[in-house]
Amino acid sequence: MKSRFPYDYLPPLEIPDKNLIGIYEAGQQKPTAVSEEIVKRSLDNPIGALPLAELAEEIERVLILCDDNTRYTPAYLVIPYIIDELHSGGVTDENISFLIASGTHRLMTESELIAKLGKSVVDKFLIEQHVHNDLEELVPVGKRMGDVEFLVNKRLRDADLVIGVGNIVPHMYKGFSGGSNIILPGVSGEDSIAALHWLSLESPVEDILGVRENPPRLLIDEVARKAGLNYIVNTIVNNDLEIIDAVAGDPVEAHRVGAKAASHIFSVDIPEKADIVIFDAYENDLDFWQANKGLNSAYVCLKPGGVVIMIADCPEGACNNVPDVGRYGFRDIRKIMELHEKGILHPIISHFLIATNRIIIEHSSCISVTRGISKEEAEHVGFIYAETPSDALNKAFLMKGPDATITVLRHAGNMCPRIGK
(Lines give C-alpha, C1' and ligand atoms only; values in the text may rest on other atoms or scores of the structure.)
Protein backbone atom coordinates (compact mmCIF):
# COMPACT_ATOMS: atom_id res chain seq x y z
CA MET A 1 0.00 0.00 0.00
CA LYS A 2 1.16 3.53 -0.74
CA SER A 3 1.27 6.05 2.07
CA ARG A 4 1.43 9.71 1.08
CA PHE A 5 2.73 12.52 3.24
CA PRO A 6 1.49 16.13 3.49
CA TYR A 7 4.76 17.52 2.12
CA ASP A 8 4.76 18.04 -1.62
CA TYR A 9 8.52 17.47 -1.92
CA LEU A 10 8.36 13.91 -0.53
CA PRO A 11 7.43 10.92 -2.72
CA PRO A 12 4.82 8.42 -1.47
CA LEU A 13 6.04 5.39 0.44
CA GLU A 14 5.27 1.85 -0.66
CA ILE A 15 4.60 -0.35 2.37
CA PRO A 16 4.23 -4.13 1.93
CA ASP A 17 0.68 -5.17 2.78
CA LYS A 18 1.92 -8.17 4.78
CA ASN A 19 3.72 -5.87 7.21
CA LEU A 20 1.09 -3.18 7.60
CA ILE A 21 -1.08 -3.08 10.72
CA GLY A 22 -2.82 0.05 9.48
CA ILE A 23 -2.70 3.72 8.54
CA TYR A 24 -4.39 5.91 11.14
CA GLU A 25 -5.44 9.53 11.27
CA ALA A 26 -7.53 11.48 13.73
CA GLY A 27 -9.04 14.93 13.45
CA GLN A 28 -10.91 14.31 10.20
CA GLN A 29 -14.38 15.24 11.45
CA LYS A 30 -15.96 18.02 9.40
CA PRO A 31 -17.82 21.06 10.76
CA THR A 32 -21.58 20.94 11.13
CA ALA A 33 -21.86 24.74 11.05
CA VAL A 34 -19.80 27.73 9.94
CA SER A 35 -17.02 28.87 12.28
CA GLU A 36 -18.76 32.09 13.29
CA GLU A 37 -21.88 30.21 14.37
CA ILE A 38 -19.87 27.71 16.45
CA VAL A 39 -17.94 30.45 18.27
CA LYS A 40 -21.04 32.56 18.85
CA ARG A 41 -22.93 29.54 20.17
CA SER A 42 -20.20 28.84 22.72
CA LEU A 43 -20.32 32.43 23.98
CA ASP A 44 -24.11 32.34 24.18
CA ASN A 45 -23.96 29.15 26.26
CA PRO A 46 -21.03 29.52 28.68
CA ILE A 47 -20.13 26.58 30.89
CA GLY A 48 -19.86 27.22 34.62
CA ALA A 49 -19.86 31.01 34.22
CA LEU A 50 -22.06 33.99 33.46
CA PRO A 51 -22.17 35.30 29.89
CA LEU A 52 -19.09 37.34 29.11
CA ALA A 53 -21.13 40.53 28.60
CA GLU A 54 -22.46 40.22 32.16
CA LEU A 55 -19.00 39.58 33.57
CA ALA A 56 -17.79 42.70 31.78
CA GLU A 57 -20.30 44.97 33.51
CA GLU A 58 -18.87 47.36 36.09
CA ILE A 59 -15.24 46.43 35.34
CA GLU A 60 -12.61 48.55 33.70
CA ARG A 61 -9.53 46.72 32.45
CA VAL A 62 -9.66 43.50 30.40
CA LEU A 63 -6.61 41.42 29.47
CA ILE A 64 -6.98 38.85 26.69
CA LEU A 65 -4.34 36.12 26.63
CA CYS A 66 -3.73 34.27 23.37
CA ASP A 67 -1.36 31.45 22.48
CA ASP A 68 1.39 32.01 19.90
CA ASN A 69 2.13 30.82 16.37
CA THR A 70 3.30 27.38 17.55
CA ARG A 71 -0.38 26.68 18.20
CA TYR A 72 -3.01 26.93 15.49
CA THR A 73 -5.84 28.48 17.43
CA PRO A 74 -7.83 30.52 14.85
CA ALA A 75 -7.77 33.52 17.19
CA TYR A 76 -8.58 35.94 14.36
CA LEU A 77 -12.00 34.24 14.08
CA VAL A 78 -12.65 34.14 17.83
CA ILE A 79 -11.47 37.52 19.10
CA PRO A 80 -14.01 39.73 17.26
CA TYR A 81 -16.86 37.94 19.07
CA ILE A 82 -15.12 38.32 22.43
CA ILE A 83 -14.71 42.04 21.79
CA ASP A 84 -18.39 42.33 20.82
CA GLU A 85 -19.34 40.73 24.15
CA LEU A 86 -17.06 43.11 26.04
CA HIS A 87 -18.55 46.08 24.22
CA SER A 88 -22.02 44.84 25.18
CA GLY A 89 -20.89 44.88 28.79
CA GLY A 90 -19.68 48.45 28.49
CA VAL A 91 -15.91 47.91 28.11
CA THR A 92 -14.26 50.36 25.70
CA ASP A 93 -11.43 49.53 23.29
CA GLU A 94 -8.84 51.54 25.22
CA ASN A 95 -9.43 49.28 28.23
CA ILE A 96 -8.80 46.05 26.29
CA SER A 97 -5.24 44.79 25.89
CA PHE A 98 -3.61 41.58 24.69
CA LEU A 99 -0.74 39.44 25.94
CA ILE A 100 0.75 36.66 23.82
CA ALA A 101 1.23 33.57 25.99
CA SER A 102 4.48 32.45 24.42
CA GLY A 103 5.85 30.29 27.26
CA THR A 104 9.53 29.79 26.51
CA HIS A 105 9.12 30.31 22.76
CA ARG A 106 10.64 33.12 20.73
CA LEU A 107 8.69 36.34 20.23
CA MET A 108 6.37 36.53 17.24
CA THR A 109 7.05 38.86 14.33
CA GLU A 110 4.55 41.53 13.30
CA SER A 111 3.40 39.47 10.32
CA GLU A 112 2.89 36.46 12.59
CA LEU A 113 0.86 38.57 15.00
CA ILE A 114 -1.34 39.78 12.14
CA ALA A 115 -1.87 36.22 10.91
CA LYS A 116 -2.76 35.09 14.42
CA LEU A 117 -4.93 37.93 15.68
CA GLY A 118 -6.07 39.74 12.54
CA LYS A 119 -4.82 43.09 11.24
CA SER A 120 -7.68 45.09 12.75
CA VAL A 121 -6.82 43.79 16.23
CA VAL A 122 -3.09 44.45 15.80
CA ASP A 123 -3.76 47.97 14.53
CA LYS A 124 -6.28 48.90 17.24
CA PHE A 125 -5.18 47.31 20.54
CA LEU A 126 -2.11 47.20 22.74
CA ILE A 127 -0.43 43.84 22.17
CA GLU A 128 2.49 42.68 24.30
CA GLN A 129 4.39 39.40 24.38
CA HIS A 130 5.35 37.40 27.46
CA VAL A 131 9.05 37.05 28.26
CA HIS A 132 9.56 34.07 30.55
CA ASN A 133 13.03 34.94 31.86
CA ASP A 134 12.59 38.63 32.70
CA LEU A 135 12.14 38.71 36.48
CA GLU A 136 11.02 42.33 36.38
CA GLU A 137 7.97 41.19 34.38
CA LEU A 138 6.95 38.46 36.85
CA VAL A 139 5.07 38.37 40.15
CA PRO A 140 4.33 35.48 42.57
CA VAL A 141 0.90 33.84 42.66
CA GLY A 142 1.11 32.34 46.13
CA LYS A 143 2.02 28.78 45.14
CA ARG A 144 5.22 26.91 45.89
CA MET A 145 6.34 23.39 44.99
CA GLY A 146 9.57 22.39 46.66
CA ASP A 147 12.07 25.19 46.07
CA VAL A 148 10.06 26.71 43.22
CA GLU A 149 7.89 29.77 43.72
CA PHE A 150 5.41 30.05 40.87
CA LEU A 151 5.61 33.36 39.02
CA VAL A 152 3.37 34.80 36.31
CA ASN A 153 3.31 37.89 34.14
CA LYS A 154 2.60 41.01 36.21
CA ARG A 155 -0.01 42.25 33.72
CA LEU A 156 -2.45 39.73 35.14
CA ARG A 157 -2.39 41.60 38.44
CA ASP A 158 -3.52 44.85 36.82
CA ALA A 159 -6.56 43.40 34.98
CA ASP A 160 -10.11 43.22 36.32
CA LEU A 161 -11.04 40.43 33.89
CA VAL A 162 -8.61 37.93 32.33
CA ILE A 163 -9.72 35.89 29.32
CA GLY A 164 -7.74 33.03 27.76
CA VAL A 165 -8.01 32.13 24.07
CA GLY A 166 -6.65 28.75 22.97
CA ASN A 167 -7.27 25.44 21.26
CA ILE A 168 -7.79 21.95 22.68
CA VAL A 169 -5.91 18.87 21.43
CA PRO A 170 -4.34 15.91 23.26
CA HIS A 171 -0.98 16.80 24.81
CA MET A 172 1.78 14.55 26.16
CA TYR A 173 2.70 16.67 29.20
CA LYS A 174 -0.67 18.14 30.21
CA GLY A 175 -3.33 15.71 28.96
CA PHE A 176 -4.83 18.35 26.68
CA SER A 177 -3.81 21.78 25.51
CA GLY A 178 -6.02 24.79 26.12
CA GLY A 179 -7.78 25.92 29.27
CA SER A 180 -5.50 26.99 32.11
CA ASN A 181 -2.41 26.23 29.99
CA ILE A 182 -2.67 29.83 28.86
CA ILE A 183 -1.30 30.73 32.34
CA LEU A 184 1.03 27.79 33.01
CA PRO A 185 3.15 27.52 30.95
CA GLY A 186 1.84 30.36 28.74
CA VAL A 187 2.64 33.43 30.87
CA SER A 188 4.72 31.88 33.66
CA GLY A 189 8.34 32.18 34.70
CA GLU A 190 10.91 29.70 33.45
CA ASP A 191 11.34 27.96 36.82
CA SER A 192 7.57 27.51 37.05
CA ILE A 193 7.46 26.04 33.55
CA ALA A 194 10.35 23.72 34.38
CA ALA A 195 8.62 22.47 37.54
CA LEU A 196 5.51 21.62 35.50
CA HIS A 197 7.51 19.67 32.94
CA TRP A 198 9.46 17.73 35.56
CA LEU A 199 6.19 16.76 37.24
CA SER A 200 5.08 15.17 33.97
CA LEU A 201 8.15 12.89 34.02
CA GLU A 202 6.70 11.07 37.02
CA SER A 203 3.96 9.48 34.89
CA PRO A 204 4.17 7.35 31.71
CA VAL A 205 3.12 9.09 28.49
CA GLU A 206 0.08 6.80 28.25
CA ASP A 207 -1.20 8.05 31.63
CA ILE A 208 -1.16 11.70 30.57
CA LEU A 209 -1.69 11.93 26.79
CA GLY A 210 -5.41 12.45 26.27
CA VAL A 211 -6.19 12.08 30.00
CA ARG A 212 -7.68 15.31 31.33
CA GLU A 213 -7.34 14.67 35.09
CA ASN A 214 -3.65 14.12 35.86
CA PRO A 215 -1.06 15.62 38.26
CA PRO A 216 0.33 18.26 35.86
CA ARG A 217 -3.19 19.40 34.95
CA LEU A 218 -4.17 19.76 38.61
CA LEU A 219 -1.14 22.01 39.13
CA ILE A 220 -1.95 24.03 35.99
CA ASP A 221 -5.53 24.65 37.10
CA GLU A 222 -4.46 25.63 40.62
CA VAL A 223 -1.88 28.16 39.43
CA ALA A 224 -4.32 29.65 36.90
CA ARG A 225 -6.95 30.16 39.60
CA LYS A 226 -4.44 31.89 41.84
CA ALA A 227 -3.19 34.00 38.93
CA GLY A 228 -6.67 35.33 38.21
CA LEU A 229 -7.74 33.59 35.00
CA ASN A 230 -11.51 34.23 34.89
CA TYR A 231 -12.73 32.90 31.55
CA ILE A 232 -11.67 30.91 28.51
CA VAL A 233 -12.78 30.65 24.91
CA ASN A 234 -11.26 27.52 23.36
CA THR A 235 -11.71 26.06 19.91
CA ILE A 236 -11.31 22.50 18.69
CA VAL A 237 -10.12 22.39 15.10
CA ASN A 238 -9.67 19.50 12.68
CA ASN A 239 -6.61 18.70 10.57
CA ASP A 240 -7.74 21.23 7.97
CA LEU A 241 -7.82 23.89 10.71
CA GLU A 242 -11.61 24.18 10.52
CA ILE A 243 -13.45 24.84 13.77
CA ILE A 244 -15.37 21.72 14.79
CA ASP A 245 -16.43 22.87 18.24
CA ALA A 246 -15.80 25.59 20.81
CA VAL A 247 -16.31 26.04 24.53
CA ALA A 248 -16.49 29.18 26.65
CA GLY A 249 -16.79 29.86 30.35
CA ASP A 250 -15.05 28.73 33.52
CA PRO A 251 -11.41 27.76 32.85
CA VAL A 252 -11.79 24.33 34.47
CA GLU A 253 -15.40 23.37 33.83
CA ALA A 254 -15.47 24.56 30.22
CA HIS A 255 -12.12 22.90 29.54
CA ARG A 256 -13.39 19.57 30.88
CA VAL A 257 -16.25 19.68 28.37
CA GLY A 258 -13.88 20.71 25.58
CA ALA A 259 -11.39 17.98 26.44
CA LYS A 260 -14.15 15.37 26.24
CA ALA A 261 -15.10 16.63 22.78
CA ALA A 262 -11.46 16.71 21.69
CA SER A 263 -10.92 13.18 22.97
CA HIS A 264 -13.76 11.97 20.74
CA ILE A 265 -12.27 13.74 17.72
CA PHE A 266 -8.58 12.86 18.20
CA SER A 267 -8.59 9.39 19.81
CA VAL A 268 -7.74 6.47 17.54
CA ASP A 269 -8.12 2.79 18.37
CA ILE A 270 -5.09 0.78 17.25
CA PRO A 271 -5.21 -3.02 17.64
CA GLU A 272 -1.61 -3.69 18.66
CA LYS A 273 1.84 -2.17 18.99
CA ALA A 274 4.18 -2.31 15.99
CA ASP A 275 7.87 -2.94 15.38
CA ILE A 276 8.07 0.18 13.19
CA VAL A 277 5.95 3.31 13.54
CA ILE A 278 6.03 5.92 10.80
CA PHE A 279 4.55 9.31 11.66
CA ASP A 280 4.32 12.77 10.20
CA ALA A 281 4.22 15.82 12.43
CA TYR A 282 2.49 18.09 9.91
CA GLU A 283 1.25 21.40 11.35
CA ASN A 284 3.24 20.63 14.51
CA ASP A 285 6.74 20.81 13.10
CA LEU A 286 8.12 24.32 13.23
CA ASP A 287 11.12 22.62 14.85
CA PHE A 288 11.76 19.32 16.62
CA TRP A 289 10.79 20.85 19.97
CA GLN A 290 7.26 20.97 18.52
CA ALA A 291 7.44 17.80 16.38
CA ASN A 292 8.20 15.91 19.59
CA LYS A 293 4.41 15.81 20.13
CA GLY A 294 4.12 13.39 17.24
CA LEU A 295 7.05 11.36 18.55
CA ASN A 296 5.22 10.78 21.83
CA SER A 297 2.12 9.54 20.00
CA ALA A 298 4.31 7.20 17.96
CA TYR A 299 5.99 5.90 21.11
CA VAL A 300 2.63 4.83 22.54
CA CYS A 301 2.16 2.63 19.45
CA LEU A 302 5.67 1.13 19.43
CA LYS A 303 6.95 -2.16 20.79
CA PRO A 304 9.95 -1.90 23.13
CA GLY A 305 13.11 -1.73 21.05
CA GLY A 306 11.19 -0.70 17.95
CA VAL A 307 12.01 1.92 15.33
CA VAL A 308 10.26 5.26 14.85
CA ILE A 309 10.44 7.06 11.51
CA MET A 310 9.75 10.77 11.86
CA ILE A 311 8.58 12.68 8.80
CA ALA A 312 8.71 16.40 9.59
CA ASP A 313 9.69 19.68 7.97
CA CYS A 314 11.27 21.51 10.96
CA PRO A 315 12.13 24.73 9.07
CA GLU A 316 13.63 26.19 12.28
CA GLY A 317 15.85 23.16 12.89
CA ALA A 318 16.11 20.92 15.93
CA CYS A 319 15.32 23.54 18.56
CA ASN A 320 16.03 27.00 17.25
CA ASN A 321 15.15 28.78 20.49
CA VAL A 322 17.01 26.24 22.64
CA PRO A 323 20.55 25.76 21.28
CA ASP A 324 21.52 23.47 24.17
CA VAL A 325 19.40 20.72 22.61
CA GLY A 326 21.57 20.76 19.50
CA ARG A 327 24.70 21.12 21.61
CA TYR A 328 24.15 18.11 23.88
CA GLY A 329 21.64 15.92 22.07
CA PHE A 330 19.95 12.88 23.56
CA ARG A 331 22.77 10.36 23.72
CA ASP A 332 24.49 10.60 27.10
CA ILE A 333 21.89 10.71 29.86
CA ARG A 334 24.53 10.66 32.61
CA LYS A 335 26.12 13.79 31.20
CA ILE A 336 22.73 15.52 30.98
CA MET A 337 21.93 14.66 34.59
CA GLU A 338 25.35 15.89 35.71
CA LEU A 339 24.86 19.20 33.90
CA HIS A 340 21.33 19.46 35.33
CA GLU A 341 22.45 18.83 38.91
CA LYS A 342 25.23 21.39 38.58
CA GLY A 343 22.75 23.97 37.28
CA ILE A 344 24.57 24.30 33.94
CA LEU A 345 21.49 23.19 32.01
CA HIS A 346 18.21 24.90 32.73
CA PRO A 347 15.63 22.42 34.09
CA ILE A 348 13.33 22.94 31.06
CA ILE A 349 16.14 21.89 28.72
CA SER A 350 17.32 18.95 30.82
CA HIS A 351 13.72 17.73 31.14
CA PHE A 352 13.27 17.79 27.36
CA LEU A 353 16.58 16.00 26.78
CA ILE A 354 15.81 13.33 29.38
CA ALA A 355 12.19 12.78 28.29
CA THR A 356 13.16 12.49 24.63
CA ASN A 357 16.16 10.29 25.45
CA ARG A 358 13.74 7.75 26.92
CA ILE A 359 12.08 7.40 23.55
CA ILE A 360 14.84 7.59 20.95
CA ILE A 361 17.76 6.12 22.88
CA GLU A 362 16.59 3.92 25.77
CA HIS A 363 13.47 2.29 24.29
CA SER A 364 13.67 2.73 20.53
CA SER A 365 15.59 4.15 17.60
CA CYS A 366 14.45 7.21 15.65
CA ILE A 367 15.09 7.73 11.95
CA SER A 368 14.45 11.30 10.84
CA VAL A 369 13.39 12.42 7.38
CA THR A 370 13.56 16.11 8.09
CA ARG A 371 14.42 18.81 5.58
CA GLY A 372 15.19 21.39 8.27
CA ILE A 373 17.74 19.24 10.16
CA SER A 374 21.00 18.38 8.40
CA LYS A 375 22.54 14.90 8.45
CA GLU A 376 25.32 16.09 10.74
CA GLU A 377 22.93 17.74 13.20
CA ALA A 378 20.53 14.78 13.16
CA GLU A 379 23.27 12.28 13.93
CA HIS A 380 24.81 14.56 16.55
CA VAL A 381 21.63 14.79 18.61
CA GLY A 382 20.92 11.07 18.35
CA PHE A 383 18.78 10.49 15.25
CA ILE A 384 19.49 8.16 12.36
CA TYR A 385 19.36 10.24 9.19
CA ALA A 386 17.51 9.28 6.00
CA GLU A 387 16.96 11.26 2.80
CA THR A 388 13.51 9.87 1.94
CA PRO A 389 10.76 7.81 3.60
CA SER A 390 11.77 4.84 1.43
CA ASP A 391 15.38 5.12 2.56
CA ALA A 392 14.17 5.31 6.18
CA LEU A 393 11.97 2.22 5.84
CA ASN A 394 14.81 0.22 4.28
CA LYS A 395 17.01 1.13 7.26
CA ALA A 396 14.23 0.15 9.66
CA PHE A 397 13.80 -3.25 7.96
CA LEU A 398 17.54 -3.88 8.30
CA MET A 399 17.21 -3.17 12.02
CA LYS A 400 13.97 -5.10 12.72
CA GLY A 401 13.91 -7.73 9.96
CA PRO A 402 11.76 -8.20 6.82
CA ASP A 403 8.72 -9.38 8.78
CA ALA A 404 8.53 -6.32 11.04
CA THR A 405 5.04 -4.95 11.59
CA ILE A 406 4.33 -1.33 10.62
CA THR A 407 1.88 1.32 11.79
CA VAL A 408 1.53 4.70 10.09
CA LEU A 409 0.23 7.75 11.97
CA ARG A 410 -0.88 10.82 10.03
CA HIS A 411 -0.92 14.22 11.77
CA ALA A 412 0.48 12.45 14.82
CA GLY A 413 0.97 15.64 16.83
CA ASN A 414 -2.81 15.83 17.39
CA MET A 415 -3.43 12.14 17.94
CA CYS A 416 -4.33 10.18 21.04
CA PRO A 417 -3.67 6.49 20.26
CA ARG A 418 -5.52 3.86 22.30
CA ILE A 419 -3.86 0.45 22.00
CA GLY A 420 -5.95 -2.71 21.99
CA LYS A 421 -9.28 -0.94 22.26
Any hit, the stretch 157-179, residues being among the hydroxyl-bearing types (Ser, Thr, Tyr) and in contact with a Gly (Cβ under 8 Å, 6 or more places away or on another chain): yes
Residue list for the stretch 382-421, filter: of a type in the set (Val, Ile, Thr) and closer than 20 Å to Tyr282 by Cβ: Thr388, Ile406, Thr407, Val408
Tabulated pairs, the stretch 2-20, first within 14 Å of Asp391 (Cβ to Cβ), second outside any loop (DSSP other than H, G, I, E, B) and among the charged types (D, E, K, R), C-beta under 6 angstrom, 6+ apart or interchain: Phe5/Asp280; Pro12/Lys2; Glu14/Lys2
Checklist (1) hydrophobic (A, V, I, L, M, F, W, C); (2) closer than 29 Å to Leu52 by Cα; (3) open to solvent by 50 Å² or more (accessible area, probe 1.4 Å) applied to Ile232, failing item: (3)
Which listed residue is surrounded by fewer than 19 Cβ atoms within 10 Å (Cβ to Cβ) and either touching a residue at least 40 places away in the same chain (Cβ under 8 Å) or in contact with a helix residue (DSSP H, G or I) (Cβ under 6 Å, 6 or more places away or on another chain) (or both), from Ala261, Ala246, Ala224, Ala194: Ala261
Of the criteria (1) out of contact with any His (no Cβ under 8 Å at 6 or more places or on another chain); (2) open to solvent by less than 60 Å² (accessible area, probe 1.4 Å); (3) charged (D, E, K, R); (4) at pLDDT below 85, which one Lys335 fails: (2)
Answer residue from the stretch 110-155, given it is touching a strand residue (DSSP E or B) at 6+ places or on another chain (Cβ under 6 Å) and of a type in the set (A, V, I, L, M) and is nearest to Trp198 (Cα to Cα) among those: Leu151
First in the stretch 108-135 and at positive phi, second anywhere and surrounded by 13 or more Cβ atoms within 10 Å (Cβ to Cβ), Cβ under 7 Å, 6 or more apart: Gly118/Tyr76; Gly118/Ile79
Residue list for the stretch 365-381, restricted to those being open to solvent by 10 Å² or more (accessible area, probe 1.4 Å), of a type in the set (Ser, Thr, Tyr) and within 19 Å of Leu286 (Cα to Cα): Ser374
Out of Glu283, Glu272, sole residue that is on the phi > 0 side of the Ramachandran plot and charged (D, E, K, R): Glu283
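Conditions (1) surrounded by fewer than 16 Cβ atoms within 10 Å (Cβ to Cβ); (2) more than 21 Å from the chain's Cα centre (by Cα); (3) under 30 Å from Leu135 (Cβ atoms), marked per residue:
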residue: Gln28; (1), (2), (3): yes, no, no
residue: Val34; (1), (2), (3): yes, yes, no
residue: Ala49; (1), (2), (3): no, yes, no
residue: Glu60; (1), (2), (3): yes, yes, yes
residue: Ile64; (1), (2), (3): no, no, yes
residue: Asp67; (1), (2), (3): no, no, yes
residue: Glu85; (1), (2), (3): no, yes, no
residue: Ile96; (1), (2), (3): no, yes, yes
residue: Ser102; (1), (2), (3): no, no, yes
Subset of the stretch 144-173 [open to solvent by 30 Å² or more (accessible area, probe 1.4 Å), of a type in the set (A, V, I, L, M, F, W, C) and touching a Ser or Thr at 6+ places or on another chain (Cβ under 8 Å)]: Val148, Leu151
Matching residues in the stretch 321-371 - criterion: being charged (D, E, K, R), more than 20 Å from the chain's Cα centre (by Cα) and outside any loop (DSSP other than H, G, I, E, B): Asp324, Arg327, Arg334, Lys335, Glu338, Glu341, Glu362
Subset of the stretch 382-413 [in a helix (DSSP H, G or I), touching a strand residue (DSSP E or B) at 6+ places or on another chain (Cβ under 9 Å) and either open to solvent by 10 Å² or more (accessible area, probe 1.4 Å) or under 15 Å from Gly329 (Cα atoms) (or both)]: Ser390, Asp391, Lys395, Phe397, Met399, Lys400
The listed residue being within 25 Å of Ile168 (Cα to Cα), outside any strand (DSSP E or B) and open to solvent by 50 Å² or more (accessible area, probe 1.4 Å), out of Ser111, Ser42: Ser111
In the stretch 338-356, the residues that are open to solvent by less than 50 Å² (accessible area, probe 1.4 Å), of a type outside the set (Ser, Thr, Tyr) and under 17 Å from Val148 (Cα atoms): His340, Leu345, His346, Pro347, Ile348, Ile349, His351
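The values are calculated or read from the model by the stated rules, or taken from the named source; none is laboratory data. Since we're looking at a predicted model, the values are computed, not measured. All Cβ positions, glycine included, derive from the backbone under ideal geometry; neighbour counts span all protein chains shown. Areas reflect the complete protein model, heavy atoms only, side chains present, ligands, DNA and RNA absent. Shrake-Rupley method; radii C 1.70, N 1.55, O 1.52, S 1.80 Å.
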